[in-house]
Protein chains: 2
Amino acid sequence: MKIYDFPVGPYPARVRIALAEKKLQSRVSFALVDLRKGQHKQVEFLAKNYSGTVPVLELDDGTLIAECTAITEYLDALDGNPSLTGRTPREKGLIHMMNKRAEIELLDAISVYFHHATSGLGPDVEIYQNQEWGLRQRDKAIRAMAYFDGILQRQPFVACDYFSMADITVIAGLIFAELVKLAVPSECGTLAAWFAEMKQRPSVRDRVAMSKPAAAGG
Amino acid sequence: MKIYDFPVGPYPARVRIALAEKKLQSRVSFALVDLRKGQHKQVEFLAKNYSGTVPVLELDDGTLIAECTAITEYLDALDGNPSLTGRTPREKGLIHMMNKRAEIELLDAISVYFHHATSGLGPDVEIYQNQEWGLRQRDKAIRAMAYFDGILQRQPFVACDYFSMADITVIAGLIFAELVKLAVPSECGTLAAWFAEMKQRPSVRDRVAMSKPAAAGG
């Protein structure tokens, strides 16, 4: 398998963490898509992913799977023992709900803030910006931090009683918040402590160091 | 089970179609959330779904599951025979990718257009609008129609060789397009013909008539 991504990116982090949680690192090689050069918006890459986002997983038969949730579903199902996406109907429902909530309220909101209300990836890549929309999304993300703080005051993980895809998406949101210097509000101490603890998980800690050259794997 | 929704809504359609495909209609009652009155943005409903969207599924034990993809995952897993969300890792990956792509490129884009660049649900509900952003999302949705037209020229369904959650999301997008009078471009004849055919599926055709009073079920 081959993954097209950008090692320090928050969305790539989602799949790199999932890979490590599933102990699949050795089965994957990585190909760099340089976001700073806008390679994800160029014709060659758009043929791999219509939406122009990383990461994209390419299977050995050439099948392309984009979107972090989709890639995580694929990886989690490979061993017939899903540990990240839910085992029972109720777990599947709760994990997918909280995963999507973490996307729309936190991670995607910070991404829109970054691309629309900061210099983002630079003027050559950010050819359209809507600053007002970006600032509103920033405020939405800050509110979401308080929401997830409340959730984590009541339970150890975001969706159920074990680490799941939904936790990974909240972690990616907080990684993105750090990158754009969006501080977790001081009143969200539970969320900040939880994030500090999650950073100690090997899958989170070692995600950027995971890459090996694409030539080394299939 | 109980579903909070608004019968003619495009997002509620996703879950109603899934319910009918899974032959689960008789196990569900419906409670109306009147979007035209902004009930989905009021405190009582926000306690059920932080994001303030319909539909929301309430299980008999009180568990609340929001987000269409999450509800569909739950419903599809109930009988141990998933027919909408994928059986193999590859199917799961492709269905979730195309489901998400249909959301971000088509359905969600049209929703943003509706709420931001038209009168939407009216001035009492649409208290913030960003028209420029809404119009850009409209253009994105039109481009997505051409993309899905191309997909359907090559295969009978959006994600794989059978009807899945991804088809439901494209159908919901096209239902929303009709509601807001956003025409499928004349050059997208394959998509238009496919949508006409999908409308003949009982699950799509009868979705609005499905409701029964919440008092009649549990």
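Which whole-number percent gives the relative contact order of the range B:118-218, counting Cα pairs below 8 Å spaced six or more residues apart? Don't jump to the answer; show the numbers that get you there.
Numbers: 42 pairs, mean separation 23.6, N = 101.
Relative contact order, the range B:118-218: 23 percent.
Going 7 Å from Cα along the Cα-Cβ axis for the label, what nanometre distances separate A:PRO156 from the same residue across the other copies?
Reported distances to equivalent positions: 4.8 nm.
Which cross-chain or sequence-distant (5 or more) residues have an amide H under 5 Å from the amide H of B:ALA66, H modelled 1.01 Å from N in plane?
Those qualifying (amide H under 5 Å, at least 5 residues apart or on another chain) are B:LEU57.
Lysines within cross-link reach of A:LYS199: Cα-Cα under 21 Å, excluding same-chain residues under 8 positions apart?
Hits, sequence-local ones excluded: A:LYS22, A:LYS23, A:LYS181.
Gap in Å between the Cα centre of the range A:95-157 and the Cα centre of the range A:44-59?
22 Å
For the protein assembly as shown, what is the mean residue ellipticity at 222 nm derived from helices alone (per DSSP H run of n ≥ 4: -39500 (n - 2.57); sum divided by total residues; nearest 500 deg cm²/dmol)? Intermediate values should be presented prior to the final figure.
On the way: 18 runs with 206 residues, N = 436.
So the calculated ellipticity at 222 nm is -14500 deg cm²/dmol.
Using a label position 7 Å from Cα in the Cα→Cβ direction, what is the ascending list of nm distances from A:PRO7 to the same site in the other copies?
5.8
Suppose all protein chains stay in the model; what accessible area per residue would a 1.4 Å probe give for the range B:1-95, in Å²?
Details: 3620 Å² over 95 residues.
That works out to 38 Å² per residue.
As an exercise, identify the chymotrypsin sites (Phe, Trp or Tyr not before Pro) in the range B:75-158 lying in DSSP coil whose Cβ has no more than 15 other Cβ atoms within 10 Å. Provide the component values of the computation, followed by the final result.
Working: sites: B:TYR113, B:PHE114, B:TYR128, B:TRP133, B:TYR147, B:PHE148, B:PHE157; in loops: B:TYR128, B:PHE157.
Within the range B:75-158, the qualifying chymotrypsin sites (Phe, Trp or Tyr not before Pro) (loop, at most 15 other Cβ atoms within 10 Å) are B:TYR128.
How crowded by other chains is B:61-71, given as the mean number of beta carbons from other chains within 10 Å of each beta carbon?
Details: counts 1, 0, 3, 3, 8, 6, 9, 3, 6, 13, 3.
Average neighbour count from other chains, rounded to a whole number: 5.
Under a GNM of chain B (C-alpha, springs under 10 Å), which listed residue has the highest mean-square fluctuation: B:VAL180, B:VAL15, B:VAL158?
B:VAL180
For every other residue with a beta carbon closer than 9 angstrom to the beta carbon of B:CYS160, add +1 if it is Lys or Arg and -1 if Asp or Glu, then tell me the sum.
It works out to a net charge of -1.
For chains B and A related by rotation, which residue of B has the Cβ nearest the axis, and what is the rounded distance in Å?
Axis relating chain B to chain A; nearest Cβ residue and distance: B:TRP133, 2.
Residues of A:76-83, mean number of Cβ from any other protein chain within 10 Å of their own Cβ, rounded to a whole number?
Working: counts 3, 8, 4, 1, 1, 0, 2, 0.
Mean number of neighbouring Cβ atoms from other chains: 2.
Cross-link partners among aspartates and glutamates for A:LYS92, C-alpha distance below 14 Å, same-chain residues fewer than 8 apart left out?
A:GLU73, A:ASP76, A:ASP161, A:ASP167, B:GLU67, B:GLU73, B:ASP76, B:ASP79
What trypsin sites (Lys or Arg not before Pro) in the range B:51-115 are in a loop by DSSP, with at most 15 other Cβ atoms within 10 Å of the Cβ? Please report the intermediate quantities before stating the final value.
Details: sites: B:ARG87, B:ARG90, B:LYS92, B:LYS100, B:ARG101; in loops: B:ARG87.
Filter output for the range B:51-115: B:ARG87.
Threshold 10 Å², probe 1.4 Å: give the residues of the range B:89-107, in number order, that are less accessible with all protein chains present than with their chain alone.
Residues meeting the cut-off: B:PRO89, B:ARG90, B:LYS92, B:GLY93, B:LEU94, B:HIS96, B:MET97, B:LYS100, B:ARG101, B:GLU103, B:ILE104, B:GLU105.
Given contacts defined as C-alpha pairs under 8 Å and at least six residues apart, what's the relative contact order of the range A:68-160, whole-number percent?
Working: 77 pairs, mean separation 23.2, N = 93.
After rounding, I find 25 percent.
Considering only DSSP beta bridges whose two residues both sit in the protein assembly as shown, what percent are antiparallel, to the nearest 5?
Numbers: 12 of 22 bridges.
Counting only bridges with both partners in the protein assembly as shown, antiparallel ones make up about 55 percent.
When chain A is modelled as a GNM with alpha-carbon springs shorter than 10 Å, which of A:ASP79, A:ASP206, A:ASP167 fluctuates the most?
In the Gaussian network model the winner is A:ASP79.
Before we go on, tell me the buried accessible area for the B/A pair, both chains summed, 1.4 Å probe, in Å² to the nearest 100. Intermediate results must be reported in sequence, preceding the final value.
Numbers: alone 10760 and 10730 Å², together 18050 Å².
Chains B and A together bury approximately 3400 Å².
Could you identify which residue out of A:GLY80, A:GLY120, A:GLY189 has the top mean-square fluctuation in a GNM of chain A using Cα springs shorter than 10 Å?
In the Gaussian network model the winner is A:GLY80.
Please sort through the DSSP H helices of chain B and keep those with an alpha-carbon extent of at least 15 Å along the long axis and a Kyte-Doolittle average not below -1.0. Write out the running numbers ahead of the final one.
Working: long enough: B:10-21 (16 Å, 0.07); B:89-102 (20 Å, -1.08); B:131-154 (35 Å, -0.80); B:165-179 (21 Å, 1.82).
Sorted by number, the helices that extend far enough and score high enough are B:10-21, B:131-154, B:165-179.
In the range B:126-168, what residues drop by 10 Å² or more in accessible surface going from the chain by itself to the full protein assembly, probe 1.4 Å?
Residues of the range B:126-168 that lose at least 10 Å² of accessible area once the other chains are added: B:TYR128, B:ASN130, B:GLU132, B:TRP133, B:ARG136, B:ARG143, B:TYR147.
What are the distances, in nm and sorted shortest first, from the label point of A:ASP61 to the label points of the same position in each other copy, with each label point placed 7 Å from Cα along the Cα-to-Cβ direction?
3.7
Please figure out what share of the DSSP beta bridges in chain B is antiparallel and state it in percent, rounded to the nearest 5.
On the way: 6 of 11 bridges.
If we restrict to bridges inside chain B, about 55 percent are antiparallel.
How much of the accessible area of the protein assembly as shown, probe 1.4 Å, is carbon plus sulfur, in whole percent? Don't skip to the answer; put the middle values down first.
Values: 9430 of 18050 Å².
Heavy-atom surface of the protein assembly as shown belonging to carbon and sulfur, 1.4 Å probe: 52 percent.
Do any GluC sites (Glu not before Pro) in the range B:113-218 lie in a DSSP loop with no more than 13 other beta carbon atoms within 10 Å, and if so, which? Mind dumping the intermediate values first?
Numbers: sites: B:GLU126, B:GLU132, B:GLU178, B:GLU187, B:GLU197; in loops: B:GLU126, B:GLU187.
Filter output for the range B:113-218: B:GLU187.
Taking 8 Å as the Cα distance limit and 6 or more residues as the minimum spacing, I'd like the relative contact order of the range A:1-113 as a percentage. If you can, show how the numbers build up before the last one.
Details: 122 pairs, mean separation 27.3, N = 113.
The normalised contact order for the range A:1-113 reaches 24 percent.
Working with all protein chains in place, sort B:VAL112, B:VAL56, B:VAL43 by solvent-accessible area computed with a 1.4 Å probe, largest first. Walk me through the intermediate numbers first.
Values: B:VAL112 30, B:VAL56 0, B:VAL43 125 Å².
These residues rank, largest area first, as B:VAL43, B:VAL112, B:VAL56.
With a ≥ b ≥ c the root eigenvalues of the C-alpha gyration tensor of the protein assembly as shown, is it rounded (a/c under 1.5), prolate (a/b larger than b/c) or oblate?
Values: a/c = 1.27, a/b = 1.21, b/c = 1.05.
Rounded, because the longest to shortest axis ratio a/c is under 1.5.
Given labels modelled 7 Å from the Cα in the Cβ direction, how far is it in nm from A:LYS37 to A:ALA146?
4.4 nm
The values are calculated or read from the model by the stated rules, or taken from the named source; none is laboratory data. Only a predicted model underlies this, so the values are computations on that prediction, with no experimental measurement involved. Because the Cβ atoms are built from the backbone with ideal geometry, glycine has one as well, and the counts that use them run over all protein chains shown. These area figures cover heavy atoms from the full protein model, side chains too; ligands, DNA and RNA do not enter into them. Shrake-Rupley method; radii C 1.70, N 1.55, O 1.52, S 1.80 Å.
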